[in-house]
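Visitor: Below you'll find the structure I mean.
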Amino acid sequence: MSAAPPMLAVENLTAGHGPVTVIDGLSLAVGAREAVALLGPNGAGKSTLVMAIAGTLRSRTGRVDFAGRNLIDLPPHAIVAMGVAVVPEGRRIFAPLSVLDNLHLGAIRLPAARGRIGERYESVFALFPRLAERRQQRAGTLSGGEQQMLAIGRALMSAPTMILLDEPFLGLAPKIVDEILATLHVLRRAGLTVLLVEQKTELALNFCDRAYVMQKGRIVREGSAAALAGDPALSADYFALPAGGPG
Ligand SMILES: Nc1ncnc2c1ncn2[C@@H]1O[C@H](COP(=O)(O)OP(=O)(O)OP(=O)(O)O)[C@@H](O)[C@H]1O
Ligand SMILES: [Mg+2]
């Protein structure tokens with residue numbers, strides 16, 4: 001990393017659900033315009049970490065600095081307003097609402113300075129033409145891939161500078177995965193900073209610059225995507241191994 005301060009710096013973060021501590025003294029950093037993968041098996045705490053950064057999980061201590069400001073005491077909408085958007089695990093779209101109304105939910109606290117809502121819709125529709133064609137359709141009747149596009153589009157409605165994507169490709173056909181990846185590449189080239197939670201090591205390391213590997217609430221490995229891609233300990237079946245992994 002360069003000497004410039006990272007865009008996102010998580011320091012000594014502890015977070016959990018009720019009395020259960022899931023994240024225990026975790027630190028990581030993401031530089032401006034970087035794409036960083038967060039890898040790890042089921043139950044490692046990846047989604048808990050995303051929720052702790054986004055403020056949707058309130059039970060947390062430590063520091064989450066974004067663009068030089070500690071987010072730890074801010075509510076989720078204030079974190080969105082600062083430029084951090086989340087595409088949650090499982091998409092969490094609102095099935096009875098239309099595509100347009102789901103998108104609107106991503107912009108309800110949009111600071112006026114970040115653009116007019118009509119322009120935000122148009123930029124999302126330019127990225128995802130399938131959503132444009134289906135703008136009046138009930139979200140619950142969209143295909144799985146279209147629902148994931150909607151979840152990403154909703155996050156983009158807040159004109160974020162950083163996006164946290166929690167397993168966005170889960171259950172999608174390879175063709176749709178490629179389509180969404182192509183759109184994420186466009187967003188990267190436009191300067192968006194990305195934290196991608198993913199269990200498919202190869203996919204994540206192909207897309208990202210760097211990666212962290214998480215196990216049992218801690219970072220157990222980190223490095224450039226190139227270095228980790230050549231790490232035999234991170235072979236395709238790594239996450240199928242018993243908790244603790246190799247070594
Ligand atoms: N709402 C909750 N209440 C209690 N415990 C929870 C809750 N959500 C998650 N946990 C626990 O926290 C731990 C980490 O879960 P988390 O969902 O963050 O893992 P993950 O790495 O995202 O897993 P996956 O890859 O399956 O999505 C697990 O032991 C899980 O049982
Ligand atoms: Mg998860």
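Each reported figure results from applying straightforward, stated rules to the coordinates on display, with no laboratory input. Computed from a predicted structure; not experimentally measured. Cβ sites come from the backbone with ideal geometry, for glycine too, and all protein chains shown count toward neighbours.
Visitor: Identify, please: which residue in region 58-86 is away from ligand 2 (no atom under 16 Å from the Cβ), aliphatic (A, V, I, L, M) and closer than 26 Å to residue 148 by Cα and is, among those, nearest to the chain's Cα centre (by Cα)?
Guide: For region 58-86, the residue satisfying everything is 85.
Visitor: Looking at region 1-46, which of the residues that are closer than 23 Å to residue 233 by Cβ and of a type in the set (S, T, N, Q) is farthest from ligand 1 (Cβ to nearest atom)?
Guide: 27
Visitor: Which residues, counting only those in region 1-51, are within 16 Å of residue 204 (Cα to Cα) and either part of a strand (DSSP E or B) or touching a Cys at 6+ places or on another chain (Cβ under 6 Å) (or both)?
Guide: 30, 35, 36, 37, 38, 39
Visitor: Quick check on region 19-57: of everything there that is over 14 Å from residue 216 (Cα atoms), aliphatic (A, V, I, L, M) and surrounded by fewer than 19 Cβ atoms within 10 Å (Cβ to Cβ), which residue is farthest from ligand 2 (Cβ to nearest atom)?
Guide: 32
Visitor: Continuing with the same structure: Just to confirm my filter: which helices (runs of 4 or more DSSP H) fall fully inside region 61-132 and include at least 2 residues that are aromatic (Phe, Trp, Tyr)?
Guide: 117-127
Visitor: Against the definition (closer than 30 Å to residue 23 by Cα, surrounded by 13 or more Cβ atoms within 10 Å (Cβ to Cβ) and in contact (Cβ under 8 Å) with a residue 24 or more places away in the chain), how does residue 117 come out, yes or no?
Guide: Numbers: closer than 30 Å to residue 23 by Cα: no; surrounded by 13 or more Cβ atoms within 10 Å (Cβ to Cβ): yes; in contact (Cβ under 8 Å) with a residue 24 or more places away in the chain: yes.
Taking the combined requirement at face value, the residue does not satisfy it.
Visitor: Checking the structure you have, find out if any residue of region 89-108 is in contact with a Lys or Arg (Cβ under 7 Å, 6 or more places away or on another chain) and within 16 Å of ligand 2 (Cβ to nearest atom).
Guide: Looking for residues that are in contact with a Lys or Arg (Cβ under 7 Å, 6 or more places away or on another chain) and within 16 Å of ligand 2 (Cβ to nearest atom), one finds none in region 89-108, hence no.
Visitor: For the structure I just gave you, tell me whether residue 153 is free of Cβ contacts under 8 Å to residues at least 60 places away in the same chain, surrounded by 18 or more Cβ atoms within 10 Å (Cβ to Cβ) and farther than 16 Å from residue 33 by Cβ.
Guide: yes
Visitor: Just checking, which of 199, 137, 147 is within 16 Å of ligand 1 (Cβ to nearest atom), at negative phi and touching a helix residue (DSSP H, G or I) at 6+ places or on another chain (Cβ under 7 Å)?
Guide: Values: 137 fails: within 16 Å of ligand 1 (Cβ to nearest atom); 147 fails: within 16 Å of ligand 1 (Cβ to nearest atom).
Among 199, 137, 147, only 199 is within 16 Å of ligand 1 (Cβ to nearest atom), at negative phi and touching a helix residue (DSSP H, G or I) at 6+ places or on another chain (Cβ under 7 Å).
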